[in-house]
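Every read-out reported here was derived from the displayed coordinates using simple, explicitly stated rules and does not represent laboratory data. Quantities reported herein were computed from a predicted structural model and do not represent experimental measurements. Cβ coordinates were reconstructed from backbone atoms using ideal geometry, including for glycine residues, and neighbour counts include every protein chain displayed.
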Amino acid sequence: MSNNDLAIVILAAGKGTRLKSSLAKVLHRAGGRTLVEQLMRACEPLKAREKVVVVGHQAERVAAVVQPLTALTVLQQPQNGTGHAMQ
């Protein structure tokens, strides 16, 4: 089943400062995969026409993880919060 009207946007630009880690929050691992990979795989059954990952902090590293999963990456610049990321 395909959902030609659905686009998935994953907000992955934040620093995750509350984790107190030098690694971007979405690059931390759980279950053998990064958190952003876990999200991307969880969305696969939806068969969305497009997957977009908004990147910012450690953008190159995050993009390197998501691009093989056929997602478009968009740089949030400047990083002005969640609402700004969706503009």
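Descriptive notes on the structure:
- Taken over segment 16-32, the residue count meeting the criterion of being closer than 16 Å to V65 by Cα and either among the polar types (S, T, N, Q) or out of contact with any Leu (no Cβ under 8 Å at 6 or more places or on another chain) (or both) is 5.
- Members of segment 4-22 found to be more than 21 Å from A42 (Cβ to Cβ) and in contact (Cβ under 8 Å) with a residue 24 or more places away in the chain, listed by number: K15
- Residue count, segment 30-59 (criterion: part of a strand (DSSP E or B) and either of a type outside the set (G, A, S) or under 12 Å from A12 (Cβ atoms) (or both)): 11
- Test: residue in segment 30-40 that is touching a residue at least 24 places away in the same chain (Cβ under 8 Å), surrounded by 10 or more Cβ atoms within 10 Å (Cβ to Cβ) and more than 15 Å from the chain's Cα centre (by Cα): no
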